[in-house]
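The values are calculated or read from the model by the stated rules, or taken from the named source; none is laboratory data. Given the structure is predicted, the values throughout are model-derived calculations rather than measurements. Counting neighbours? That spans all protein chains shown, and the Cβs are built from the backbone with ideal geometry, glycine included.
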Amino acid sequence: MTTTEADTGANLSIADREKVFVGGRWVESTGNDWIEVVDSFTEQPVARVRAATAEDVSKAVAAARKSFDEGTWASKSMAERADVLELIADRLAQRVDELTPIGVLEVGVPVSVSRPTQEMVAGLFSAVATLARTFETSEERPRAAGGVSRILKEPTGVVAAIIPWNGPVGTIAFKVAPALAAGCSVVLKTAPEAPLSPSVFADIIAELVEEGYIPEGVLSVLCADREVSETLVTNPEVDHVTFTGSTVAGRRIMSLAGERIARVSLELGGKSAAIILDDADIDHVVQSLPMGGCMQSGQACIALSRVLVSRKRHDEVVEVLKAAYGSLPMGNPWEPTNFLGPLASKRQQERVLGYIDIAKQDGATVVLGGGRPEGLDKGFFVAPTLLDNVDPDSRIAQEEVFGPVIAVITYEDEEDAIAIANNSIYGLSGAVYTEDIDHGFEVARRIRTGTISVNGSVADFTLPFGGYKQSGQGREGGIEGLEEFFEIKTVHMPA
């Protein structure tokens, strides 16, 4: 296929964002630095976003503190705040055509993947609105010695919401929707690699502030580097930090927030295992496992990046998976028939290729892929890569790669498979493949992970999502995700 200007997105015109979004309004920054956004397919810059300074962050926190302490937003009923979430959902839905190409540019996902992802976000805001309408923030309980006490649920306060580059708008929904529903004020810090789609979200908030639906100060959206971002985490006026990203960064944030015992919610990395039991139907495996391992070209914390198979079925499964991963259409992300696009950045591409080299040095065998796809000489591509003979203790089996790299690990028996699956600092997602569904459930219960599927790779973010161990703490989605943004107060009333 000949690549033309029309099918590369090169005809898109994206204006630079010259201001920063503080307290619900676009204002001049106190600095002059820019963050450049590079199209991961053409490798060319497409837009610039003004980088926030430490002073900009301080102003955003001060605005959030003032708005929260004044209580205009927090004093509204849950139903009133739910109405505003529905307005946000409606306006996000109206901007799908604007957000879809930005998703392609920022993350590298094909347009056929970007569009349903953007469409999902409006639904996430609506789902939180629905939960908020029936959420009880107070109840009375009898005391042991007689009398009654009132149990109150109150917003955690000023929230610093820090989101990653691999799913910016979706992560906004996971954090900002429940925080706003609870009555919190929010400073949203976006990733330098993907600041454009959060800017569209800021435009929506600006409209709602101008129209009087959201008070000034309740929400700021800033893009900043690590050094400036740390000033947000350490600001004493921030009550609650919620972060999605790498485990390394999560450790740093937890350490900084721990200095003042700030509340911290973390959704971090994963190295999820798919256990193929001996009675598994291989057709069920290939229906979901390739997508589960290579979604967003592997740039997903929930990717099923370890495949566990017995010696008995090893050869059969490897051959089937080789064909399945090899048939995933990769290429121009503007072509709707492609499922995989480039990685988000040159740095990410080099990182993934480096991990493949490390795996080979550690004795793994490249069954498929292993480098840049043939015929794709431009763009930050890495071919779907299937590695065999992987030692369960090797780096490729233990560390999050964040690319389309799948490690096949052979187990001796079911107990060994469970032990290997749990042999990880992570515990975010997973899968069990078997024709005995009840037994699959029992195996799933023994895996130390926050989410696991039987015969599939399910991602439903309206239900609680989060990790065990170093995959994080707290939950997003469902009623549990809403409860993250409340403190509990007990008021003892006179007997």
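Taking region 349-367, which residues are out of contact with any strand residue (DSSP E or B) (no Cβ under 8 Å at 6 or more places or on another chain) and assigned to a helix (DSSP H, G or I)?
349, 350, 351, 353, 354, 357, 358, 361
Regarding residue 144, is this residue among the hydrophobic types (A, V, I, L, M, F, W, C), without any contact (Cβ under 8 Å) to a residue 40 or more places away in the chain and more than 19 Å from residue 57 (Cα to Cα)?
Yes.
Table: residues versus (1) surrounded by fewer than 20 Cβ atoms within 10 Å (Cβ to Cβ); (2) out of contact with any His (no Cβ under 8 Å at 6 or more places or on another chain); (3) part of a helix (DSSP H, G or I).
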position: 73; (1), (2), (3): no, yes, no
position: 90; (1), (2), (3): yes, yes, yes
position: 101; (1), (2), (3): no, yes, yes
position: 104; (1), (2), (3): no, yes, yes
position: 109; (1), (2), (3): no, yes, no
position: 119; (1), (2), (3): yes, yes, yes
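For region 34-61, give me the residue count where each residue is of a type outside the set (Ser, Thr, Tyr), more than 21 Å from residue 169 (Cβ to Cβ) and buried (at least 18 other Cβ atoms within 10 Å of the Cβ).
4
Would you call residue 57 in contact with a helix residue (DSSP H, G or I) (Cβ under 6 Å, 6 or more places away or on another chain), touching a residue at least 24 places away in the same chain (Cβ under 8 Å) and more than 20 Å from residue 204 (Cα to Cα)?
yes
Of all residues in region 293-325 being in contact with a Gly (Cβ under 8 Å, 6 or more places away or on another chain) and either part of a helix (DSSP H, G or I) or not aliphatic (A, V, I, L, M) (or both), which is surrounded by the most Cβ atoms within 10 Å (Cβ to Cβ)?
The extreme case among them is 297.
Applying the selection to region 58-101, what residues are out of contact with any Lys or Arg (no Cβ under 8 Å at 6 or more places or on another chain) and either β-branched (Val, Ile, Thr) or outside the structural domain of residue 158 (by TED's automatic domain parsing) (or both)?
Matches in region 58-101: 61, 72, 84, 88.
Which residue pairs have Cβ atoms under 6 Å apart, sit 6 or more places apart or on different chains, and have a first residue in region 161-180 that is surrounded by fewer than 24 Cβ atoms within 10 Å (Cβ to Cβ) and a second that is β-branched (Val, Ile, Thr) and in a helix (DSSP H, G or I)?
170/121
Name the residue that is farthest from the chain's Cα centre (by Cα), counting only residues in region 450-476 that are of a type in the set (S, T, N, Q) and closer than 16 Å to residue 273 by Cβ.
455
Please indicate, with yes or no, whether at least one residue in region 215-231 is among the aliphatic types (A, V, I, L, M), part of a helix (DSSP H, G or I), touching a strand residue (DSSP E or B) at 6+ places or on another chain (Cβ under 6 Å) and not assigned by TED's automatic domain parsing to the domain that holds residue 303.
Among the residues of region 215-231, not one is among the aliphatic types (A, V, I, L, M), part of a helix (DSSP H, G or I), touching a strand residue (DSSP E or B) at 6+ places or on another chain (Cβ under 6 Å) and not assigned by TED's automatic domain parsing to the domain that holds residue 303, which makes the answer no.
Test residue 329 against the criterion of being in contact (Cβ under 8 Å) with a residue 12 or more places away in the chain and either assigned by TED's automatic domain parsing to the domain that holds residue 231 or of a type outside the set (Phe, Trp, Tyr) (or both), and give yes or no.
Taking the combined requirement at face value, the residue does not satisfy it.
Of all residues being among the basic types (Lys, Arg) and in a strand (DSSP E or B) in region 126-154, which is nearest to residue 176 (Cα to Cα)? Just the residue, please.
153
Residue check, residue 296 against (1) modelled with pLDDT of 95 or more; (2) under 15 Å from the mean Cα position of the chain (by Cα), all met but one. Which one?
(1)
What about residue 461, is it among the aromatic types (Phe, Trp, Tyr), within 26 Å of residue 130 (Cβ to Cβ) and at pLDDT below 95?
Here the answer is yes, as residue 461 does meet what is asked.
Quick one: residue 122 ticks every box in (1) of a type outside the set (D, E, K, R); (2) farther than 30 Å from residue 103 by Cβ; (3) within 21 Å of the chain's Cα centre (by Cα) bar one, so which box is it?
Condition not satisfied by residue 122: (2).
Return the residues of region 433-481 that are over 24 Å from residue 247 (Cβ atoms) and not in a loop (DSSP other than H, G, I, E, B); say none if nothing qualifies.
433, 437, 438, 439, 440, 441, 442, 443, 445, 454, 479
How about region 419-436: which of its residues are surrounded by fewer than 24 Cβ atoms within 10 Å (Cβ to Cβ) and either more than 18 Å from residue 397 (Cβ to Cβ) or not β-branched (Val, Ile, Thr) (or both)?
419, 422, 423, 434, 435, 436
Could you check region 184-207 and list, in sequence order, the residues that are of a type in the set (S, T, N, Q) and either part of a helix (DSSP H, G or I) or surrounded by fewer than 24 Cβ atoms within 10 Å (Cβ to Cβ) (or both)?
Residues satisfying the conditions are 197, 199.
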